[in-house]
Structures are given as C-alpha cells and as structure tokens.
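S.K.: Let me give you the structure first, and then I'll get to my questions.
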Amino acid sequence: MHRREDPIVTVQQHIKEQQNLHAPHATGEFSWLLSGITLATKMIQAKVRRAGLTDIVGTAGMVNVQGESQQKLDVYANLVLLHCLGVRDCVGILASEENEDAVLLKRSPGIGKYAVVFDPLDGSSNIDVNVSVGTIFSILRRKDPHLESGTDEVLQAGSEQVAAGYVLYGSSTVMVYTSGNGVHMFTLDPSIGAFVLSEEHLNMPHQGQYYSVNEAYRDAFPDEYRHYLQMLRRGEIGNKRYASRYIGSLVSDFHRTLLKGGVFLYPPTASHHHGKLRLLYEANPIAMLAEQAGGAATNGETRILDIVPNSVHQRTPLVVGSRVEMGAFEECRRRVRAGELLASSLAD
Ligand code: AHG
Ligand code: MN
Ligand code: MN
C-alpha cells in the first residue's frame with residue numbers, strides 16, 4: 001500500500017489514469033458509469049448524515065423480495081441509485097436487492113453494454129442506532145445486449161465482474177473499488193464534495209488478529225466452521241490469540257478485514273441453510289476486492305468467484321479474509337471431511 005505525494009487525486013482522475021494505463025482505447029463510458037455511483041452515494045451519505053434530523057429513520061412499512069422489512073433509507077438509497085445509473089446510456093441493466101427482477105433499460109442497439117448489480121443500503125438494521133452502513137456494487141459487461149431479459153444477463157460468475165466496490169458511511173465516507181488492477185480507497189472530503197485518493201493498491205495483511213462472525217448462531221454451524229472457530233479461539237492458527245469483532249454490516253466488517261486482516265464468516269445457520277448473504281451483490285463484489293488485495297473468499301466448498309448463479313437473489317455462505325486465515329480454513333475443512341477432527345472434540 002502506498003500514498004502519493006500529489007496534493008489531491010480525485011476518484012475521476014484516478015479512474016482516467018487507470019484507463020490510460022490498462023485500457024488506453026477506453027471510450028470513457030465506464031468512468032461515466034462510475035460517476036453515477038459516486039453521485040448517488042454522495043446523495044445517500046448526505047441523507048445518512050442527517051438521519052435523526054429528518055424523517056428518514058425507521059421502517060418504510062414494506063417488505064422486500066427477501067421477505068425483509070424495508071427501512072426508509074433502503075428505499076431512498078435504491079431510488080437514488082436507480083435514477084443516477086438509469087440516466088447513463090452505457091447502463092443497460094440494473095439489479096438491486098430491493099427489486100424482485102433486474103430492470104432492463106430500453107436502449108438503442110449497441111448502447112447500454114453494462115449491467116450494475118447493487119445492495120443500495122447494507123447493514124440496514126444498524127441505521128436507527130447510528131452504526132456504519134454502506135452501499136455495495138458489482139459491474140458486469142452484458143453478454144448479449146439483444147436479450148429481452150435483464151435477469152438472464154446478470155447471472156454471470158463473479159469472475160466476470162468488470163469492477164466492484166463499496167461505499168462505507170462510517171466516521172468518514174469511504175469508497176473502495178477495483179476494476180481488476182488492484183484495490184483503491186478514496187475518502188469523501190465534505191468541504192469540496194469529492195472522493196479523494198487515500199490509498200492505492202491496498203494489500204490485505206497476510207494475517208490479522210480478529211475473526212468476525214455472529215457467534216449467537218454457532219450451535220447450528222456445520223462442523224468445519226465450529227472446529228475452525230475453536231482453533232481461532234485457542235490460538236491454534238499462526239500461534240495467534242484472536243479477538244472478535246462483529247458489527248453486523250457486511251461492508252463495515254469487511255472494511256476492517258481488508259485494512260487489518262483476519263477473517264469474516266457468515267456460515268449456514270438454522271434459519272438460513274444456504275447462508276444469509278446474497279451472492280450477486282454482497283459476496284461477489286466483496287470476493288473480488290478480497291482477491292485483488294491478496295486475500296481469498298469461499299462459500300465453504302468453492303471459490304466464490306467461480307459460482308455460476310441461478311437467481312438474482314441467491315444466497316451463499318461466505319468466508320473471506322487474509323491468506324493465513326483462509327489457508328487454515330481450507331485445511332480445517334479438509335481435516336473434518338477426512339474424519340481427522342471429530343465433533344466430540346468440540347467444546348460447547
Ligand atoms: P442488508 O441490510 O443489506 O439486508 O444486509 C444485512 C446483512 C449484512 O450486512 C450483515 O453482514 C448481515 O446481514 C448481518 O446478519 P445477522 O444480523 O444475522 O448477523
Ligand atoms: Mn446487505
Ligand atoms: Mn441492503
């Protein structure tokens with residue numbers, strides 16, 4: 001990770017520089033698309049910062065396609081992203097956690113080559129209590145702009161993502177993104193209203209000191225996860241005694257993992273047999289960022305980015321983190337499958 005000497009590099013300037021380096025014939029459409037995300041997330045952060053002053057906290061009285069109660073800010077964030085991205089010609093498809101089906105935008109032939117999939121507001125249970133929330137996005141190139149169904153076109157493996165990232169509305173507003181050439185972080189300077197480069201080419205530490213999981217559900221975790229957590233607690237991984245941190249906003253929990261190393265897990269649970277997190281707009285973008293920063297992400301069986309989705313809102317277990325912790329997870333899983341680690345050796 002390194003900092004530049006330049007006094008200020010905005011996200012737009014950085015994207016342009018990256019394109020000059022890696023895609024000198026780029027048309028500029030991709031940076032126009034990303035400016036839709038920066039505009040929308042600036043609008044969302046402005047609303048988040050005023051939560052409590054305006055009538056924006058609390059539920060919207062509706063339930064989304066996942067059967068989850070929508071918060072007013074979920075609805076607002078979704079509308080803002082749909083609008084800011086929908087007016088950009090290069091965007092042909094939009095898919096959101098808050099909409100049942102992907103939206104196919106009618107564009108002239110050959111226009112609208114990108115699809116954007118997003119979680120408009122992640123961690124919405126934390127809004128009312130002033131804890132960090134975020135927005136997660138994944139950008140895909142449409143396979144066949146003549147298809148009549150947007151849904152079919154967003155069902156691509158995560159390895160096909162053109163770019164991915166998130167914006168975290170924390171003590172400051174931070175944008176982290178990758179377009180396949182490293183992970184870069186920008187901080188919103190509220191005095192000028194621009195995202196300014198904080199770190200480029202972020203690398204996750206090889207090992208961290210925190211594990212992050214909702215331990216209240218641990219009795220129902222499959223054995224490999226229970227053994228793994230026991231090893232972390234007992235200091236059996238890299239001779240390190242781990243502490244735990246769990247915020248309950250994936251964006252926040254992952255951001256800490258990206259900067260400090262460690263591991264985040266959302267295993268299958270009693271209520272969510274296939275995990276709770278959504279593959280297309282939570283696990284995939286997070287997995288791309290993790291890999292680009294030198295980490296890894298799995299669903300417990302398969303590399304996240306290799307999974308070919310079969311529905312927009314498909315859920316997945318997720319284990320994501322630094323190289324040492326991820327290697328130890330794979331080894332633990334192998335030993336459980338080989339019968340070398342038995343359930344009888346698990347403490348309560
Ligand atoms: P969302 O607010 O977009 O529905 O996502 C919430 C997710 C994720 O951010 C977090 O990691 C997880 O839910 C927390 O779930 P638990 O409360 O079950 O731990
Ligand atoms: Mn979410
Ligand atoms: Mn959400």
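The values are calculated or read from the model by the stated rules, or taken from the named source; none is laboratory data. Quick caveat, the model's predicted, so the values are computed rather than measured. Positions of Cβ are backbone-derived with ideal geometry, glycine not excepted, and every protein chain shown enters the neighbour counts.
S.K.: Could you tell me which residue of region 157-172 is nearest to the chain's Cα centre (by Cα), considering only residues that are surrounded by fewer than 24 Cβ atoms within 10 Å (Cβ to Cβ) and farther than 25 Å from Glu29 by Cα?
M.R.: Gly170
S.K.: Further question on the same structure: Scan region 237-254 for residues that are within 16 Å of ligand 2 (Cβ to nearest atom) and buried (at least 22 other Cβ atoms within 10 Å of the Cβ) and jot them down.
M.R.: Within region 237-254, Ser249, Leu250, Val251, Ser252, Asp253, Phe254 qualify.
S.K.: Further, regarding this structure: Which members of region 110-133 meet the condition of being closer than 14 Å to Glu282 by Cα and more than 12 Å from ligand 3 (Cβ to nearest atom)?
M.R.: Val116, Val117 - these are the residues of region 110-133 that are closer than 14 Å to Glu282 by Cα and more than 12 Å from ligand 3 (Cβ to nearest atom).
S.K.: Check whether at least one residue in region 77-95 is within 15 Å of ligand 2 (Cβ to nearest atom), among the small types (Gly, Ala, Ser), buried (at least 22 other Cβ atoms within 10 Å of the Cβ) and farther than 22 Å from Val162 by Cα, and report yes or no.
M.R.: Scanning region 77-95 turns up at least one residue that is within 15 Å of ligand 2 (Cβ to nearest atom), among the small types (Gly, Ala, Ser), buried (at least 22 other Cβ atoms within 10 Å of the Cβ) and farther than 22 Å from Val162 by Cα.
S.K.: Within region 221-276, which residues are hydroxyl-bearing (Ser, Thr, Tyr), outside any helix (DSSP H, G or I) and away from ligand 1 (no atom under 11 Å from the Cβ)?
M.R.: Tyr242, Ser244
S.K.: In region 108-125, how many residues are buried (at least 19 other Cβ atoms within 10 Å of the Cβ) and either at pLDDT below 85 or out of contact with any helix residue (DSSP H, G or I) (no Cβ under 7 Å at 6 or more places or on another chain) (or both)?
M.R.: Total satisfying the criteria: 2.
S.K.: A further question follows. Taking the criterion of being within 11 Å of ligand 3 (Cβ to nearest atom) and within 18 Å of Ala287 (Cα to Cα), would at least one residue in region 97-109 satisfy it?
M.R.: yes
S.K.: When you scan region 25-37, do you find a residue that is part of a loop (DSSP other than H, G, I, E, B) and touching a strand residue (DSSP E or B) at 6+ places or on another chain (Cβ under 7 Å), even just one?
M.R.: No: zero hits.
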